[in-house]
Every structure is written in C-alpha cells, then in structure tokens.
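The values are calculated or read from the model by the stated rules, or taken from the named source; none is laboratory data. All values derive from a computational prediction rather than experimental measurement. Glycine gets a Cβ as well: all are built from the backbone with ideal geometry, and neighbour counts include every protein chain shown. We work out accessible area using only protein heavy atoms, side chains counted, and drop any ligands, DNA or RNA first. Shrake-Rupley method; radii C 1.70, N 1.55, O 1.52, S 1.80 Å.
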Amino acid sequence: MAAKMALPTCVLLWLAVIPLCAGQEGATNQDDAAKVHEATEQVLHEGGGMLIFAAASLMLALLIGNFLHHFEVSVLSESMVIIIIGYLLGIILPTHGGSIIAWAIGDVGVEEEGLAMAGVLNLFLLPIIIFEAGWSMNHRAFVDLLFTILTFAVGGTLISMVVVGFLINATCHVHGVCSVRTAFTYAALISAVDPVATLATYAHLQVDPLLNICVFGESVVNDAVAITLFRVLNEGGIFQDTSFHIISSRIASQTSLLLFGSVGLGVVLGFLLMLITRMSRLTHSTSNCVLFMFLSSFFIYSFAERACGMSGIITVLFGAMFASAFAKYQFSGEVNMFCAFTLKQAANMA
C-alpha cells in the first residue's frame, strides 16, 4: 500500500517542481535568447557594412577590367587591379578597435582570419573553379598532352621541392630551420606555382590552344601533387627510417596512390552523376539540371577530401571532365549552354 501511495506522491512532487524549474530555466533561456538575438542583430548589421565594401569593390574591379579590355590596355592585368583594390581597402578600413557602421574587427587575430579564409577558399571557391575548368576544357587535347602535363607537374614539382628543401637545409644556420622534415615539408608547400597572369596573357594574345592546355593542365595538377607531397611529408612516421631508399619509396607509393586514386574516384563520381541525371530524367528540367551540376562540384570535392582522403582538386577536375564528355550527348543544347554559362559565371565570381 505504501508503495502504491509513493508513486502518486512522487508524480505530484514532480509536477509541482517542474513549473519552478521551468520558471528558472525559462528565465535563463530568455536571457540567453535575448543575448543570441542581440548578437544576431549585431552580426547582420555588421555584415551589411562588410557587404557594402565587398560588393562595391567587385563592381569597381569589373568596371576597371572592362575599361582595360575595351581600350586594350595590356600593361595592367585584371588580377593586378583586384590586388590594388584589396590593398587600398586594407589601408582605408579601420582595425584595432575602429569601426565602420559599428563593424569592429580588432578582436580577429591572424590565425582566426587565416582559418576563416582557408575554409572559404577550400569549401566554397576552389570546387567550382576546378569543376568549371574541367567542364570547359578541351578533353581530347588534354588527353593527348596528359603525359607531358604529368611530366611537368610531377617532375617539376619534385625538382622544385628538392631544390628548395636542400637550400633551406643548407642555410639552417641563418634562419634556424635545421629539421630535414620541416625543410622539405615547407618546400613541398611552396613548390607549386600558379601561372594566373600567364594564362590571362595567353587568353588575351590567343596563343596556340595546345600550349594553353599544357600550361593550364600543369598548373592544376601541380597543386594536387604539391598538396599530396605536403600531406605525405607532414606525417610523423615518414622519416622514422633514415634510409633514403625506403623514404623515397614511401613517398612515391603514397603519392602515386593518392594521385591515381583521386583520378579513379573522379571518373567514378562523374559516371554516377551522368547516370543519376539520365535515370531521374533530370535533363527535362533545365534549371534543376543546371543547379544539380553546380552543387555536384561541392559534393565531389568534400566527398573526396573528407570521406575518401583523396585529393579534392584532382577528383573534381576528372569528375567534371568525364561528366562533361557525356553531357554533350546526353543533355540538350539548351541545358549544355546554360550549364556552361552558369559554371563560367560562378567560377569568375569565385
């Protein structure tokens, strides 16, 4: 009988305590909600001020670039115009407690800013740039020059890494970096060079398309080779054995696995994209098909990097190339045109 009475009593006490606890928790939640609301309003207000300068800078860069193109001014490139505008913004905008429309950036450190910029670049800007490059590339010319591209990309990156690494190790008494692993890891990080200005000059001068494909293909692949070398060298166990032959074989095997594994993964994902669009009859809706291909660039990059541990750059490049080769025959002329246009504009914005 006591046990039967205890259960309703506990229930009544529980029902009596809940409103009190809920009141206290409600007050706390109200305070927290007010703080969150205030912080959200501040972020929106400050973000509006940042968007004003970001949008105005991009619009100004487009106007100046159009002016240079119209009057055929080749002394100043569009990339240099953007760099100059960014430099001027860095001088004009206040820092260390200053504010523009209540926008204070004094609390943001170099490390936080670097992490934020790296996240934006790797997750949002880089995938669509590489995907558009693979989509619009001359596939036959790229395949014909693939051996030459790989020779320059892999061989050139290795030569650059070895030379820079030995120079860093030889001058360790000057800068204090005497670790062989640190020297070669840093050398791998800076060994890839992006010929952005060279490609822009080629496009302006309308040079031989094969030369343009060779330089562009090398510039895309050498990024992935440098990132692969950096990952391999940055592992703690790579230099445990002092034998040069064993270390070289480890680097070669892991680099080859990551390089060709990324190529294979890109081909498989590109095939799956075309299979999905065909089986789902997505090509009958131009807008949905274009959006699907646009979003697939981010999926392929993130899936390769996070889920498979492969190179997102190479995976996206070959996935886009494989998908584009089939899209010419599977998509209608309207869908192909809008896909190419959307990807091109998105890559230009990025």
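In table form, for the structure just shown:
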read-out	value
Hits in the stretch 89-106 (condition: hydrophobic (A, V, I, L, M, F, W, C) and either at pLDDT below 55 or in contact with a helix residue (DSSP H, G or I) (Cβ under 9 Å, 6 or more places away or on another chain) (or both))	L89, I92, L93, I100, I101, A102, W103, A104, I105
Residues of the stretch 257-267 satisfying the condition of being open to solvent by 30 Å² or more (accessible area, probe 1.4 Å) and either closer than 30 Å to Y202 by Cα or modelled with pLDDT under 80 (or both)	F260, V263, V267
Candidate set from the stretch 271-286 (those that are among the polar types (S, T, N, Q) and without any contact (Cβ under 8 Å) to a residue 24 or more places away in the chain); member that is nearest to M349 (Cα to Cα)	S285
Residue selected from the stretch 67-88 under the condition in a helix (DSSP H, G or I) and closer than 19 Å to Q206 by Cβ, by the criterion least open to solvent (accessible area, probe 1.4 Å)	L68
Residues being among the basic types (K, R) and either touching a His at 6+ places or on another chain (Cβ under 6 Å) or farther than 28 Å from N66 by Cβ (or both) - total across the stretch 291-350	2
Of residues in the stretch 238-256 being hydrophobic (A, V, I, L, M, F, W, C) and surrounded by fewer than 14 Cβ atoms within 10 Å (Cβ to Cβ), the one modelled with the lowest pLDDT	F244
Per-region count, the stretch 144-169, residues part of a helix (DSSP H, G or I), of a type outside the set (G, A, S) and surrounded by 15 or more Cβ atoms within 10 Å (Cβ to Cβ)	10
Evaluation of F331 against (1) touching a Ser or Thr at 6+ places or on another chain (Cβ under 6 Å); (2) under 25 Å from L121 (Cβ atoms) (one fails), failing number	(2)
Scope the stretch 268-293; condition open to solvent by less than 50 Å² (accessible area, probe 1.4 Å) and not small (G, A, S); matching residues	L269, L273, M274, T277, L282, T283, T286, C289, V290, M293
Cross-chain or 6+ apart pairs with Cβ under 9 Å, the stretch 330-345 first and free of Cβ contacts under 8 Å to residues at least 60 places away in the same chain and farther than 20 Å from L275 by Cβ, then part of a helix (DSSP H, G or I) and among the polar types (S, T, N, Q)	E334/T286; F338/T286; F338/S287
The stretch 126-139, residues that are within 18 Å of F271 (Cα to Cα) and open to solvent by 50 Å² or more (accessible area, probe 1.4 Å)	S136
Any helices (runs of 4 or more DSSP H) falling wholly within the stretch 246-350 and containing at least 1 residues that are of a type in the set (D, E, K, R)	312-330, 333-349
Residue in the stretch 208-219 that is at pLDDT 80 or above, under 29 Å from A141 (Cα atoms) and outside any helix (DSSP H, G or I) present	yes
Test: residue in the stretch 107-116 that is at pLDDT below 85, touching a helix residue (DSSP H, G or I) at 6+ places or on another chain (Cβ under 9 Å) and among the hydrophobic types (A, V, I, L, M, F, W, C)	yes
Count - residues of the stretch 138-191 that are under 19 Å from F216 (Cα atoms), small (G, A, S) and free of Cβ contacts under 8 Å to residues at least 24 places away in the same chain	1
Residue that is least open to solvent (accessible area, probe 1.4 Å), among those in the stretch 294-312 that are under 27 Å from L62 (Cα atoms) and in contact (Cβ under 8 Å) with a residue 24 or more places away in the chain	S297
Some residue of the stretch 173-193 being modelled with pLDDT of 80 or more, of a type in the set (S, T, N, Q) and part of a helix (DSSP H, G or I)	yes
Contacts under 8 angstrom Cβ, first residue in the stretch 258-270 being under 22 Å from Q330 (Cβ atoms) and without any contact (Cβ under 8 Å) to a residue 12 or more places away in the chain, partner open to solvent by less than 30 Å² (accessible area, probe 1.4 Å) and of a type in the set (V, I, T), 6 or more apart	none
Out of L145, L158, sole residue that is modelled with pLDDT of 80 or more, in contact with a helix residue (DSSP H, G or I) (Cβ under 9 Å, 6 or more places away or on another chain), within 18 Å of A320 (Cβ to Cβ) and of a type outside the set (K, R)	L145
